[in-house]
Amino acid sequence: MERNNNISAEELARQQEFMEKVKDINEEFYNKTGRRKKMHITTFGCQMNAHDSEKLLGMLKNMGYEETDEEKDADFIIYNTCCVRENAENKVYGNLGYLKHQKKENPEMRIALCGCMMQQDVVLQTIKEKYKHVDIVFGTFNLYKLAELMYINMETNAPVFDIWKEHGEIVEDLPTIRHFKYKASVNIMFGCNNFCSYCIVPYVRGRERSRCPQDIINEIKALASDGVKEITLLGQNVNSYGKGLDDEITFAKLLRMVNEIEGIERIRFMTSHPKDLSDELIYAMRDCEKVCNHIHLPFQAGNNDILKKMNRRYTKEHYIGLVEKIRREIPDIALTTDIIVGFPGETAEQVDDTIDVIKKAKFNGAFTFIYSKRTGTPAAIMENQVPEKDAKANFNRVLEALNPIIYDLNCAKVGKVYKVMADDVSSNDESYITGRLEDNSLVHFKGDRSMIGDIFDVKIIDCKTFYLIGERV
Ligand code: SAH
Ligand code: SF4
Ligand code: F3S
(Lines give C-alpha, C1' and ligand atoms only; values in the text may rest on other atoms or scores of the structure.)
(Ligands and ions follow the chains in the order given, each with its own letter.)
Protein backbone atom coordinates (compact mmCIF):
# COMPACT_ATOMS: atom_id res chain seq x y z
CA MET A 1 0.00 0.00 0.00
CA GLU A 2 1.53 3.30 -1.02
CA ARG A 3 1.83 6.02 1.59
CA ASN A 4 1.08 8.99 -0.60
CA ASN A 5 0.21 12.39 0.81
CA ASN A 6 2.08 12.06 4.09
CA ILE A 7 4.61 14.49 5.51
CA SER A 8 8.27 13.46 5.46
CA ALA A 9 10.00 11.85 8.41
CA GLU A 10 12.68 14.59 8.25
CA GLU A 11 10.14 17.35 8.76
CA LEU A 12 8.60 15.52 11.70
CA ALA A 13 12.06 15.04 13.23
CA ARG A 14 12.72 18.75 12.73
CA GLN A 15 9.55 19.61 14.62
CA GLN A 16 10.54 17.19 17.34
CA GLU A 17 13.78 19.18 17.74
CA PHE A 18 11.83 22.41 18.17
CA MET A 19 9.71 20.74 20.83
CA GLU A 20 12.90 19.78 22.66
CA LYS A 21 14.26 23.33 22.37
CA VAL A 22 11.11 24.88 23.83
CA LYS A 23 11.11 22.23 26.52
CA ASP A 24 14.69 23.16 27.45
CA ILE A 25 13.74 26.83 27.74
CA ASN A 26 10.79 25.88 29.95
CA GLU A 27 12.99 23.63 32.05
CA GLU A 28 15.34 26.55 32.63
CA PHE A 29 12.35 28.63 33.71
CA TYR A 30 11.35 25.89 36.15
CA ASN A 31 14.84 25.69 37.62
CA LYS A 32 14.85 29.46 38.11
CA THR A 33 11.34 29.94 39.46
CA GLY A 34 10.36 26.57 40.88
CA ARG A 35 7.14 26.52 38.90
CA ARG A 36 6.05 24.95 35.63
CA LYS A 37 4.57 27.15 32.93
CA LYS A 38 0.84 26.71 32.49
CA MET A 39 -1.27 26.70 29.37
CA HIS A 40 -4.92 26.95 28.48
CA ILE A 41 -6.67 26.16 25.20
CA THR A 42 -10.12 27.46 24.28
CA THR A 43 -11.77 25.64 21.41
CA PHE A 44 -14.51 27.12 19.26
CA GLY A 45 -16.42 25.26 16.56
CA CYS A 46 -16.84 21.65 15.60
CA GLN A 47 -15.44 18.25 16.56
CA MET A 48 -12.72 18.72 13.98
CA ASN A 49 -11.42 21.69 15.96
CA ALA A 50 -11.87 19.88 19.26
CA HIS A 51 -9.72 17.07 17.92
CA ASP A 52 -7.08 19.55 16.67
CA SER A 53 -7.00 20.97 20.19
CA GLU A 54 -6.18 17.52 21.54
CA LYS A 55 -3.15 17.54 19.25
CA LEU A 56 -2.15 21.04 20.40
CA LEU A 57 -2.46 19.91 24.00
CA GLY A 58 -0.33 16.84 23.30
CA MET A 59 2.43 18.98 21.79
CA LEU A 60 2.33 21.52 24.63
CA LYS A 61 2.57 18.82 27.27
CA ASN A 62 5.59 17.44 25.42
CA MET A 63 7.10 20.91 25.69
CA GLY A 64 6.75 20.86 29.46
CA TYR A 65 3.58 22.87 29.97
CA GLU A 66 0.98 22.03 32.60
CA GLU A 67 -2.69 22.43 31.79
CA THR A 68 -4.81 24.83 33.85
CA ASP A 69 -8.59 25.22 33.86
CA GLU A 70 -8.23 28.94 34.52
CA GLU A 71 -7.25 31.04 31.54
CA LYS A 72 -6.09 33.87 33.78
CA ASP A 73 -3.45 31.62 35.38
CA ALA A 74 -1.98 30.57 32.02
CA ASP A 75 1.39 31.66 30.63
CA PHE A 76 0.45 30.35 27.19
CA ILE A 77 -3.05 30.79 25.81
CA ILE A 78 -4.41 29.37 22.57
CA TYR A 79 -7.70 30.17 20.91
CA ASN A 80 -8.54 27.52 18.34
CA THR A 81 -11.08 29.48 16.34
CA CYS A 82 -14.15 28.85 14.17
CA CYS A 83 -15.69 31.09 11.50
CA VAL A 84 -18.71 29.11 10.37
CA ARG A 85 -21.03 31.79 11.74
CA GLU A 86 -20.43 35.40 12.70
CA ASN A 87 -21.11 34.94 16.41
CA ALA A 88 -18.25 32.42 16.67
CA GLU A 89 -15.90 35.14 15.40
CA ASN A 90 -17.35 37.81 17.64
CA LYS A 91 -16.67 35.70 20.69
CA VAL A 92 -12.99 35.47 19.76
CA TYR A 93 -12.67 39.23 19.30
CA GLY A 94 -14.50 39.79 22.59
CA ASN A 95 -12.18 37.46 24.49
CA LEU A 96 -9.12 39.00 22.85
CA GLY A 97 -10.15 42.46 24.02
CA TYR A 98 -10.32 41.14 27.55
CA LEU A 99 -6.94 39.40 27.25
CA LYS A 100 -5.31 42.73 26.48
CA HIS A 101 -5.87 43.77 30.10
CA GLN A 102 -4.74 40.40 31.41
CA LYS A 103 -1.51 40.68 29.49
CA LYS A 104 -0.77 44.05 31.03
CA GLU A 105 -0.83 42.34 34.42
CA ASN A 106 1.31 39.45 33.23
CA PRO A 107 3.61 40.67 30.43
CA GLU A 108 5.13 37.19 30.15
CA MET A 109 1.82 35.86 28.89
CA ARG A 110 1.90 34.54 25.31
CA ILE A 111 -1.23 34.46 23.17
CA ALA A 112 -1.62 32.24 20.11
CA LEU A 113 -4.51 32.11 17.66
CA CYS A 114 -5.14 29.30 15.22
CA GLY A 115 -7.92 27.48 13.41
CA CYS A 116 -10.41 28.32 10.70
CA MET A 117 -10.92 32.01 11.38
CA MET A 118 -7.21 32.71 10.86
CA GLN A 119 -7.38 31.48 7.25
CA GLN A 120 -9.20 34.69 6.26
CA ASP A 121 -7.15 37.69 5.10
CA VAL A 122 -9.54 40.20 6.63
CA VAL A 123 -9.15 38.56 10.05
CA LEU A 124 -5.35 38.63 9.82
CA GLN A 125 -5.47 42.29 8.89
CA THR A 126 -7.72 43.06 11.86
CA ILE A 127 -5.45 41.18 14.25
CA LYS A 128 -2.34 42.92 12.98
CA GLU A 129 -3.98 46.33 13.29
CA LYS A 130 -6.13 46.08 16.38
CA TYR A 131 -4.90 43.20 18.49
CA LYS A 132 -1.18 43.81 18.69
CA HIS A 133 -0.92 41.83 21.92
CA VAL A 134 -1.29 38.56 19.97
CA ASP A 135 2.05 36.72 19.72
CA ILE A 136 1.53 33.79 17.37
CA VAL A 137 -0.95 33.18 14.58
CA PHE A 138 -1.18 30.04 12.48
CA GLY A 139 -3.90 28.33 10.49
CA THR A 140 -5.55 25.01 9.85
CA PHE A 141 -2.84 23.55 7.60
CA ASN A 142 0.26 23.98 9.76
CA LEU A 143 -0.79 23.13 13.28
CA TYR A 144 2.04 20.63 13.52
CA LYS A 145 4.51 23.55 13.43
CA LEU A 146 3.38 24.88 16.81
CA ALA A 147 6.74 24.26 18.51
CA GLU A 148 8.73 25.92 15.74
CA LEU A 149 6.53 29.02 15.81
CA MET A 150 6.73 29.19 19.61
CA TYR A 151 10.49 28.88 19.48
CA ILE A 152 10.83 31.68 16.91
CA ASN A 153 8.58 33.87 19.04
CA MET A 154 10.62 33.16 22.16
CA GLU A 155 13.88 33.89 20.36
CA THR A 156 12.83 37.06 18.56
CA ASN A 157 10.20 38.38 20.94
CA ALA A 158 8.30 39.52 17.87
CA PRO A 159 4.87 38.39 16.66
CA VAL A 160 4.93 35.35 14.36
CA PHE A 161 2.35 34.94 11.61
CA ASP A 162 2.39 31.74 9.57
CA ILE A 163 -0.69 31.08 7.47
CA TRP A 164 -0.68 28.73 4.51
CA LYS A 165 -3.08 29.26 1.67
CA GLU A 166 -3.15 25.60 0.73
CA HIS A 167 -2.81 22.36 2.53
CA GLY A 168 0.54 20.58 2.63
CA GLU A 169 1.04 16.91 3.25
CA ILE A 170 -0.99 14.97 5.79
CA VAL A 171 0.73 14.85 9.16
CA GLU A 172 0.64 11.53 10.99
CA ASP A 173 1.70 10.67 14.53
CA LEU A 174 1.34 13.98 16.35
CA PRO A 175 1.31 13.50 20.11
CA THR A 176 -2.31 13.75 21.24
CA ILE A 177 -3.85 14.11 24.68
CA ARG A 178 -7.38 12.76 24.61
CA HIS A 179 -10.11 14.59 26.46
CA PHE A 180 -11.74 11.25 27.37
CA LYS A 181 -9.86 8.08 28.31
CA TYR A 182 -12.24 5.62 26.72
CA LYS A 183 -13.49 7.51 23.67
CA ALA A 184 -11.57 9.19 20.90
CA SER A 185 -11.97 11.02 17.62
CA VAL A 186 -10.01 9.98 14.57
CA ASN A 187 -9.66 12.11 11.45
CA ILE A 188 -10.29 10.08 8.34
CA MET A 189 -10.20 12.99 5.94
CA PHE A 190 -9.58 16.71 5.90
CA GLY A 191 -11.14 19.57 3.96
CA CYS A 192 -14.27 19.79 1.83
CA ASN A 193 -14.96 20.05 -1.91
CA ASN A 194 -18.68 20.67 -1.77
CA PHE A 195 -18.82 24.45 -1.70
CA CYS A 196 -22.32 24.80 -0.32
CA SER A 197 -22.93 28.43 -1.23
CA TYR A 198 -23.37 29.68 2.36
CA CYS A 199 -20.39 27.85 3.82
CA ILE A 200 -16.87 29.10 4.56
CA VAL A 201 -15.41 25.70 5.49
CA PRO A 202 -14.02 24.77 2.03
CA TYR A 203 -12.14 28.09 1.95
CA VAL A 204 -10.55 27.67 5.36
CA ARG A 205 -10.01 23.91 5.48
CA GLY A 206 -8.92 23.40 1.88
CA ARG A 207 -9.57 20.60 -0.57
CA GLU A 208 -10.70 17.15 0.41
CA ARG A 209 -7.94 14.66 1.19
CA SER A 210 -8.23 11.25 2.79
CA ARG A 211 -5.83 9.50 5.12
CA CYS A 212 -4.56 6.08 4.09
CA PRO A 213 -6.78 3.33 5.49
CA GLN A 214 -3.80 1.60 7.05
CA ASP A 215 -2.82 4.72 9.01
CA ILE A 216 -6.38 5.02 10.28
CA ILE A 217 -6.62 1.36 11.25
CA ASN A 218 -3.24 1.47 13.01
CA GLU A 219 -4.26 4.54 14.96
CA ILE A 220 -7.52 2.92 16.07
CA LYS A 221 -5.75 -0.31 17.04
CA ALA A 222 -3.33 1.69 19.17
CA LEU A 223 -6.24 3.56 20.77
CA ALA A 224 -8.04 0.27 21.46
CA SER A 225 -5.01 -1.15 23.20
CA ASP A 226 -4.90 2.06 25.26
CA GLY A 227 -8.42 1.36 26.56
CA VAL A 228 -10.52 3.29 24.05
CA LYS A 229 -13.94 1.71 23.43
CA GLU A 230 -15.69 4.32 21.35
CA ILE A 231 -14.36 5.85 18.15
CA THR A 232 -15.77 8.79 16.20
CA LEU A 233 -14.54 8.97 12.62
CA LEU A 234 -14.31 12.61 11.55
CA GLY A 235 -14.62 14.30 8.18
CA GLN A 236 -16.67 17.17 6.73
CA ASN A 237 -18.12 14.72 4.25
CA VAL A 238 -17.22 11.17 5.22
CA ASN A 239 -19.18 9.73 2.31
CA SER A 240 -16.50 10.79 -0.11
CA TYR A 241 -13.76 9.15 1.94
CA GLY A 242 -11.17 7.40 -0.24
CA LYS A 243 -11.44 9.56 -3.36
CA GLY A 244 -7.97 10.31 -4.66
CA LEU A 245 -6.25 7.49 -2.75
CA ASP A 246 -4.45 4.69 -4.58
CA ASP A 247 -6.33 2.12 -2.54
CA GLU A 248 -9.70 0.90 -3.74
CA ILE A 249 -11.49 2.10 -0.65
CA THR A 250 -14.84 3.65 0.25
CA PHE A 251 -16.22 4.85 3.56
CA ALA A 252 -18.45 1.77 3.76
CA LYS A 253 -15.39 -0.50 3.36
CA LEU A 254 -13.50 1.48 5.98
CA LEU A 255 -16.39 1.06 8.43
CA ARG A 256 -16.30 -2.69 7.89
CA MET A 257 -12.55 -2.69 8.58
CA VAL A 258 -12.91 -0.65 11.78
CA ASN A 259 -15.72 -2.95 12.89
CA GLU A 260 -13.18 -5.81 13.00
CA ILE A 261 -10.86 -4.09 15.47
CA GLU A 262 -10.80 -5.87 18.78
CA GLY A 263 -11.55 -3.76 21.86
CA ILE A 264 -13.60 -1.16 20.00
CA GLU A 265 -17.25 -1.41 21.04
CA ARG A 266 -18.89 1.61 19.46
CA ILE A 267 -18.20 3.35 16.16
CA ARG A 268 -19.66 6.74 15.33
CA PHE A 269 -18.97 9.08 12.42
CA MET A 270 -19.74 12.55 11.17
CA THR A 271 -20.74 14.15 8.91
CA SER A 272 -22.62 12.52 6.04
CA HIS A 273 -23.77 14.52 3.05
CA PRO A 274 -27.13 13.38 1.63
CA LYS A 275 -26.03 13.77 -1.99
CA ASP A 276 -23.62 10.86 -1.83
CA LEU A 277 -24.89 8.62 0.91
CA SER A 278 -24.64 5.23 -0.80
CA ASP A 279 -26.63 2.02 -0.39
CA GLU A 280 -23.29 0.38 0.33
CA LEU A 281 -22.94 2.62 3.40
CA ILE A 282 -26.47 1.91 4.61
CA TYR A 283 -25.76 -1.84 4.34
CA ALA A 284 -22.45 -1.47 6.17
CA MET A 285 -24.22 0.38 8.99
CA ARG A 286 -26.86 -2.32 9.10
CA ASP A 287 -24.35 -5.19 9.09
CA CYS A 288 -21.65 -3.89 11.45
CA GLU A 289 -22.79 -4.49 14.99
CA LYS A 290 -20.38 -1.94 16.47
CA VAL A 291 -21.53 0.91 14.23
CA CYS A 292 -24.02 2.89 16.31
CA ASN A 293 -27.62 3.16 15.17
CA HIS A 294 -27.38 6.90 14.64
CA ILE A 295 -26.82 9.00 11.57
CA HIS A 296 -26.32 12.75 11.42
CA LEU A 297 -27.62 13.78 8.02
CA PRO A 298 -27.91 17.56 7.60
CA PHE A 299 -30.66 18.63 5.20
CA GLN A 300 -30.31 22.41 5.74
CA ALA A 301 -33.54 23.39 3.96
CA GLY A 302 -36.64 21.75 2.55
CA ASN A 303 -37.42 23.91 -0.45
CA ASN A 304 -35.95 22.76 -3.75
CA ASP A 305 -35.19 26.26 -5.06
CA ILE A 306 -33.37 27.10 -1.83
CA LEU A 307 -31.50 23.78 -1.90
CA LYS A 308 -30.42 24.60 -5.44
CA LYS A 309 -29.20 28.06 -4.46
CA MET A 310 -27.41 26.46 -1.53
CA ASN A 311 -25.65 24.16 -4.03
CA ARG A 312 -26.59 21.12 -1.98
CA ARG A 313 -27.20 18.96 -5.07
CA TYR A 314 -30.20 16.97 -3.83
CA THR A 315 -33.93 17.64 -3.62
CA LYS A 316 -36.40 17.46 -0.79
CA GLU A 317 -37.84 14.28 -2.36
CA HIS A 318 -34.41 12.66 -2.58
CA TYR A 319 -33.75 13.44 1.08
CA ILE A 320 -37.06 12.00 2.25
CA GLY A 321 -36.48 8.94 0.06
CA LEU A 322 -33.08 8.46 1.71
CA VAL A 323 -34.59 8.67 5.17
CA GLU A 324 -37.18 6.05 4.22
CA LYS A 325 -34.50 3.75 2.83
CA ILE A 326 -32.34 4.09 5.96
CA ARG A 327 -35.33 3.43 8.22
CA ARG A 328 -36.32 0.38 6.16
CA GLU A 329 -32.87 -1.20 6.58
CA ILE A 330 -32.19 -0.04 10.15
CA PRO A 331 -35.58 0.42 11.83
CA ASP A 332 -34.31 1.60 15.22
CA ILE A 333 -31.93 4.23 13.80
CA ALA A 334 -31.84 7.71 15.31
CA LEU A 335 -31.68 10.52 12.80
CA THR A 336 -30.29 13.97 13.56
CA THR A 337 -29.76 16.92 11.27
CA ASP A 338 -28.64 20.52 10.73
CA ILE A 339 -31.06 23.19 9.54
CA ILE A 340 -30.43 26.73 8.32
CA VAL A 341 -33.23 29.30 8.37
CA GLY A 342 -33.04 32.64 6.58
CA PHE A 343 -30.87 31.79 3.58
CA PRO A 344 -30.99 34.70 1.06
CA GLY A 345 -34.41 34.92 -0.53
CA GLU A 346 -36.03 32.28 1.69
CA THR A 347 -39.74 33.08 2.14
CA ALA A 348 -42.08 31.92 4.90
CA GLU A 349 -43.70 29.53 2.36
CA GLN A 350 -40.32 28.03 1.57
CA VAL A 351 -39.70 27.50 5.29
CA ASP A 352 -42.96 25.50 5.26
CA ASP A 353 -41.08 22.96 3.13
CA THR A 354 -38.42 22.73 5.84
CA ILE A 355 -41.19 22.14 8.38
CA ASP A 356 -42.67 19.50 6.10
CA VAL A 357 -39.34 17.61 6.03
CA ILE A 358 -39.17 17.86 9.83
CA LYS A 359 -42.62 16.30 10.12
CA LYS A 360 -41.90 13.55 7.61
CA ALA A 361 -38.38 12.63 8.70
CA LYS A 362 -39.11 12.76 12.44
CA PHE A 363 -35.72 13.81 13.70
CA ASN A 364 -34.40 12.70 17.06
CA GLY A 365 -32.41 15.89 17.31
CA ALA A 366 -31.35 18.91 15.26
CA PHE A 367 -28.89 21.77 15.28
CA THR A 368 -30.78 24.81 14.01
CA PHE A 369 -29.05 27.94 12.79
CA ILE A 370 -30.07 31.32 11.53
CA TYR A 371 -28.19 31.99 8.30
CA SER A 372 -25.04 33.99 8.87
CA LYS A 373 -23.47 35.89 5.99
CA ARG A 374 -19.87 34.79 5.40
CA THR A 375 -17.80 37.16 3.27
CA GLY A 376 -16.24 35.36 0.32
CA THR A 377 -19.01 32.80 -0.11
CA PRO A 378 -21.41 33.03 -3.10
CA ALA A 379 -24.45 33.44 -0.82
CA ALA A 380 -22.99 36.59 0.74
CA ILE A 381 -23.57 38.53 -2.47
CA MET A 382 -26.98 37.06 -3.30
CA GLU A 383 -29.92 39.44 -3.46
CA ASN A 384 -32.75 39.48 -0.93
CA GLN A 385 -30.80 38.86 2.25
CA VAL A 386 -33.53 38.10 4.77
CA PRO A 387 -34.14 40.70 7.50
CA GLU A 388 -33.26 39.38 10.93
CA LYS A 389 -36.77 39.69 12.34
CA ASP A 390 -38.24 37.56 9.51
CA ALA A 391 -35.52 34.95 9.90
CA LYS A 392 -36.15 34.82 13.63
CA ALA A 393 -39.90 34.38 13.19
CA ASN A 394 -39.34 31.51 10.77
CA PHE A 395 -36.66 30.05 13.03
CA ASN A 396 -39.17 29.96 15.90
CA ARG A 397 -41.70 28.19 13.72
CA VAL A 398 -39.06 25.58 12.86
CA LEU A 399 -38.33 25.01 16.56
CA GLU A 400 -42.05 24.73 17.32
CA ALA A 401 -42.30 21.96 14.74
CA LEU A 402 -39.14 20.19 15.88
CA ASN A 403 -39.40 20.14 19.64
CA PRO A 404 -42.63 18.15 20.10
CA ILE A 405 -41.32 15.50 17.67
CA ILE A 406 -38.05 15.16 19.55
CA TYR A 407 -39.96 15.05 22.85
CA ASP A 408 -42.34 12.33 21.66
CA LEU A 409 -39.48 10.19 20.32
CA ASN A 410 -37.71 10.55 23.66
CA CYS A 411 -40.84 9.65 25.61
CA ALA A 412 -41.33 6.50 23.54
CA LYS A 413 -38.17 5.24 25.26
CA VAL A 414 -39.67 5.40 28.74
CA GLY A 415 -39.97 1.95 30.30
CA LYS A 416 -37.37 0.39 27.99
CA VAL A 417 -33.84 -0.71 28.87
CA TYR A 418 -30.83 0.45 26.85
CA LYS A 419 -27.08 0.02 26.91
CA VAL A 420 -25.58 3.32 28.08
CA MET A 421 -21.97 4.37 28.08
CA ALA A 422 -21.20 6.51 31.14
CA ASP A 423 -19.49 9.72 29.94
CA ASP A 424 -19.14 12.09 32.83
CA VAL A 425 -20.46 13.27 36.18
CA SER A 426 -23.48 15.54 35.70
CA SER A 427 -22.53 19.21 36.04
CA ASN A 428 -25.75 19.95 37.99
CA ASP A 429 -25.70 17.07 40.45
CA GLU A 430 -22.60 15.10 41.47
CA SER A 431 -24.66 12.03 42.28
CA TYR A 432 -25.72 11.70 38.64
CA ILE A 433 -23.84 10.40 35.63
CA THR A 434 -24.46 11.50 32.05
CA GLY A 435 -24.23 8.91 29.34
CA ARG A 436 -25.20 8.15 25.78
CA LEU A 437 -27.44 5.49 24.35
CA GLU A 438 -26.14 3.79 21.26
CA ASP A 439 -28.40 6.13 19.26
CA ASN A 440 -26.59 9.09 20.88
CA SER A 441 -29.51 10.20 23.12
CA LEU A 442 -28.33 11.80 26.32
CA VAL A 443 -29.39 10.20 29.61
CA HIS A 444 -28.86 11.14 33.28
CA PHE A 445 -28.82 8.36 35.86
CA LYS A 446 -27.62 7.86 39.43
CA GLY A 447 -24.01 6.81 39.75
CA ASP A 448 -20.50 7.93 40.51
CA ARG A 449 -17.23 8.80 38.84
CA SER A 450 -15.89 5.24 39.01
CA MET A 451 -18.46 4.21 36.39
CA ILE A 452 -17.13 6.53 33.66
CA GLY A 453 -16.13 4.67 30.51
CA ASP A 454 -18.20 1.56 31.17
CA ILE A 455 -21.42 0.44 29.56
CA PHE A 456 -24.49 -0.20 31.74
CA ASP A 457 -28.06 -1.41 31.32
CA VAL A 458 -30.24 1.59 32.06
CA LYS A 459 -34.03 1.71 32.20
CA ILE A 460 -35.52 4.99 31.03
CA ILE A 461 -37.94 6.38 33.61
CA ASP A 462 -38.62 9.92 32.41
CA CYS A 463 -38.17 12.09 29.34
CA LYS A 464 -37.48 15.74 28.52
CA THR A 465 -36.98 17.38 25.12
CA PHE A 466 -33.21 17.31 25.27
CA TYR A 467 -32.43 14.40 27.57
CA LEU A 468 -33.73 11.28 29.31
CA ILE A 469 -33.69 10.21 32.93
CA GLY A 470 -32.90 6.60 33.74
CA GLU A 471 -31.91 4.15 36.43
CA ARG A 472 -29.52 1.20 36.39
CA VAL A 473 -31.13 -2.21 36.27
N1 SAH B 1 -19.71 19.40 6.81
C2 SAH B 1 -20.83 19.39 7.59
C3 SAH B 1 -21.11 20.59 8.46
C4 SAH B 1 -20.15 21.67 8.62
S5 SAH B 1 -20.68 23.14 9.33
C6 SAH B 1 -21.97 19.16 6.69
O7 SAH B 1 -21.95 19.52 5.56
O8 SAH B 1 -22.95 18.64 7.16
C9 SAH B 1 -21.95 22.68 10.44
C10 SAH B 1 -23.27 23.30 10.13
O11 SAH B 1 -23.19 24.69 10.23
C12 SAH B 1 -23.80 23.08 8.73
O13 SAH B 1 -24.39 21.83 8.57
C14 SAH B 1 -24.79 24.19 8.58
O15 SAH B 1 -26.07 23.81 9.04
C16 SAH B 1 -24.24 25.27 9.48
N17 SAH B 1 -23.71 26.39 8.71
C18 SAH B 1 -22.70 26.38 7.83
N19 SAH B 1 -22.52 27.62 7.31
C20 SAH B 1 -23.46 28.41 7.87
C21 SAH B 1 -23.83 29.79 7.71
N22 SAH B 1 -23.18 30.60 6.87
N23 SAH B 1 -24.86 30.26 8.46
C24 SAH B 1 -25.54 29.46 9.31
N25 SAH B 1 -25.25 28.17 9.48
C26 SAH B 1 -24.23 27.63 8.77
FE1 SF4 C 1 -19.77 23.32 4.40
FE2 SF4 C 1 -21.24 22.01 2.67
FE3 SF4 C 1 -18.70 21.29 3.05
FE4 SF4 C 1 -20.49 20.85 4.96
S5 SF4 C 1 -20.48 19.92 2.91
S6 SF4 C 1 -18.47 21.72 5.22
S7 SF4 C 1 -21.87 22.60 4.76
S8 SF4 C 1 -19.42 23.20 2.16
FE1 F3S D 1 -15.39 23.46 12.21
FE2 F3S D 1 -15.93 26.02 12.47
FE3 F3S D 1 -13.84 25.27 11.13
S4 F3S D 1 -17.40 24.42 12.20
S5 F3S D 1 -14.30 23.29 10.28
S6 F3S D 1 -14.22 24.95 13.29
S7 F3S D 1 -15.19 26.93 10.58
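The values are calculated or read from the model by the stated rules, or taken from the named source; none is laboratory data. All figures in this text were calculated on a predicted structure; none of them were measured in a lab. A quick note on method: Cβ atoms are made from the backbone with ideal geometry, for glycine too, and the neighbour counts reach across all protein chains shown.
Numbers below:
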{"read-out": "Subset of the stretch 82-104 that is in contact with a helix residue (DSSP H, G or I) (Cβ under 9 Å, 6 or more places away or on another chain) and of a type in the set (S, T, N, Q) - its residue that is nearest to ligand 3 (Cβ to nearest atom)", "value": "Asn95"}
{"read-out": "Cross-chain or 6+ apart pairs with Cβ under 6 Å, the stretch 28-43 first and assigned to a strand (DSSP E or B), then acidic (Asp, Glu)", "value": "Lys38/Glu66; Lys38/Asp73; Lys38/Asp75; His40/Glu71"}
{"read-out": "Residue that is nearest to Pro175 (Cα to Cα) [pool: residues in the stretch 47-86 that are away from ligand 1 (no atom under 16 Å from the Cβ) and of a type in the set (Asp, Glu)]", "value": "Glu54"}
{"read-out": "Tally of residues being crowded, with 20+ Cβ neighbours inside 10 Å and within 16 Å of ligand 3 (Cβ to nearest atom) across the stretch 193-229", "value": "9"}
{"read-out": "Selection within the stretch 335-354 - under 20 Å from His273 (Cα atoms) and not aromatic (Phe, Trp, Tyr)", "value": "Leu335, Thr336, Thr337, Asp338, Ile339, Ile340, Val341, Asp353, Thr354"}
{"read-out": "Failed item in (1) in contact (Cβ under 8 Å) with a residue 40 or more places away in the chain; (2) crowded, with 16+ Cβ neighbours inside 10 Å; (3) closer than 27 Å to Arg85 by Cβ; (4) over 21 Å from the mean Cα position of the chain (by Cα), with Val122 passing the rest", "value": "(2)"}
{"read-out": "Members of the stretch 291-337 found to be in a loop (DSSP other than H, G, I, E, B) and either over 26 Å from Lys253 (Cβ atoms) or within 21 Å of the chain's Cα centre (by Cα) (or both), listed by number", "value": "Cys292, Asn293, Leu297, Pro298, Phe299, Ala301, Gly302, Asn303, Met310, Asn311, Arg312, Thr315"}
{"read-out": "Which numbered condition Asp162 misses (of (1) among the charged types (D, E, K, R); (2) touching a residue at least 40 places away in the same chain (Cβ under 8 Å); (3) surrounded by fewer than 19 Cβ atoms within 10 Å (Cβ to Cβ))", "value": "(2)"}
{"read-out": "Every pair of residues 6+ apart whose Cβ atoms lie under 9 Å, when the first sits in the stretch 440-451 and is under 23 Å from Thr232 (Cβ atoms) while the second is assigned to a helix (DSSP H, G or I) and of a type in the set (A, V, I, L, M, F, W, C)", "value": "Ser441/Leu409"}
{"read-out": "Yes/no for Ala334 being exposed (fewer than 15 other Cβ atoms within 10 Å of the Cβ) and more than 16 Å from ligand 1 (Cβ to nearest atom)", "value": "no"}
{"read-out": "Any hit, the stretch 238-246, residues being within 15 Å of ligand 2 (Cβ to nearest atom) and surrounded by fewer than 18 Cβ atoms within 10 Å (Cβ to Cβ)", "value": "yes"}
{"read-out": "Total residues in the stretch 360-419, condition among the hydrophobic types (A, V, I, L, M, F, W, C) and under 30 Å from Asp332 (Cβ atoms)", "value": "16"}
{"read-out": "Verdict on Met150 being more than 19 Å from Thr42 (Cβ to Cβ), in contact with a Lys or Arg (Cβ under 8 Å, 6 or more places away or on another chain), touching a residue at least 24 places away in the same chain (Cβ under 8 Å) and crowded, with 21+ Cβ neighbours inside 10 Å", "value": "no"}
{"read-out": "Meets criteria (in contact with a Lys or Arg (Cβ under 7 Å, 6 or more places away or on another chain), among the small types (Gly, Ala, Ser) and surrounded by fewer than 18 Cβ atoms within 10 Å (Cβ to Cβ)) for Ser427", "value": "no"}
{"read-out": "Scope the stretch 224-237; condition out of contact with any Lys or Arg (no Cβ under 8 Å at 6 or more places or on another chain), touching a residue at least 24 places away in the same chain (Cβ under 8 Å), within 22 Å of Gly435 (Cβ to Cβ) and away from ligand 2 (no atom under 16 Å from the Cβ); matching residues", "value": "Ala224"}
{"read-out": "Residue among Tyr79, Tyr65 that is within 29 Å of Lys183 (Cα to Cα) and more than 14 Å from ligand 3 (Cβ to nearest atom)", "value": "Tyr65"}
{"read-out": "Residue in the stretch 90-108 that is modelled with pLDDT of 95 or more, outside any helix (DSSP H, G or I) and not aromatic (Phe, Trp, Tyr) present", "value": "no"}
{"read-out": "Hey, Ser426 touching a strand residue (DSSP E or B) at 6+ places or on another chain (Cβ under 8 Å), at pLDDT below 95 and not basic (Lys, Arg) or not", "value": "yes"}
{"read-out": "Leu281 vs. criteria over 30 Å from Val341 (Cα atoms), crowded, with 21+ Cβ neighbours inside 10 Å and more than 18 Å from the chain's Cα centre (by Cα)", "value": "no"}
